[in-house]
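**Q** There's a structure below that I have some questions on.
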Amino acid sequence: MAQVSVPSEIDVRKYIDTSKFGDRPHIRDRRIPVATIAHWTQSQGWDIKELAYQFSLSETQILAALLYYEEHKDVIESQEAQYQAELDADYERYNRAKED
């Protein structure tokens, strides 16, 4: 079995961007939200290797996302709740318009 090289330090700024995509932190140049990776880790129990495979990312990108999530968990969860509320409101508006 091949050994996986795990970096001793990760500069998350190299892998995580917060300036686009509605200020939701995401993988740089990929638009995959950090929250999505964290939630799949929690809900599916996927390890870093599986996450990297499923999202077509490097293991270092996954590690950076998980580290960023742990360091900014409260802010990210608040952003995700607000984003979900906006999606729910859009869904309701769409359904009302469809019924008219």
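Derivation of every value follows stated rules applied to the coordinates shown; laboratory data play no part. What you see is a predicted model; the values in this text were computed from it and never measured. For neighbour counting, all protein chains shown are included, and Cβ atoms are generated from backbone atoms with ideal geometry for every residue, glycine included.
**Q** Quick query: amide H of I16 versus all other amide H atoms, modeled in the peptide plane; which residues come in under 5 Å with a sequence gap of 5 or more or a different chain?
**A** Amide H to amide H, under 5 Å and 5 or more residues apart or across chains, I16 pairs with R28.
**Q** Something else about it: How much of the pair distance distribution for the chain lies past 17 Å, counting alpha-carbon pairs only, in percent?
**A** Values: 2794 of 4950 pairs.
The share of Cα pairs beyond 17 Å in the chain comes to 56 percent.
**Q** Grab the Cα-Cα distance for A81 and T60, subtract it from 0.36 nm times how many residues apart they are, and report the gain in nm with one decimal.
**A** 4.9 nm
**Q** Can you give the FRET efficiency for E71 and E92, using 1/(1 + (r/R0)^6), R0 = 41 Å, r = Cβ-Cβ distance, to the nearest 0.05? Walk me through the numbers on the way to the answer.
**A** Numbers: r = 34 Å, r/R0 = 0.83.
E between E71 and E92, to the nearest 0.05, is 0.75.
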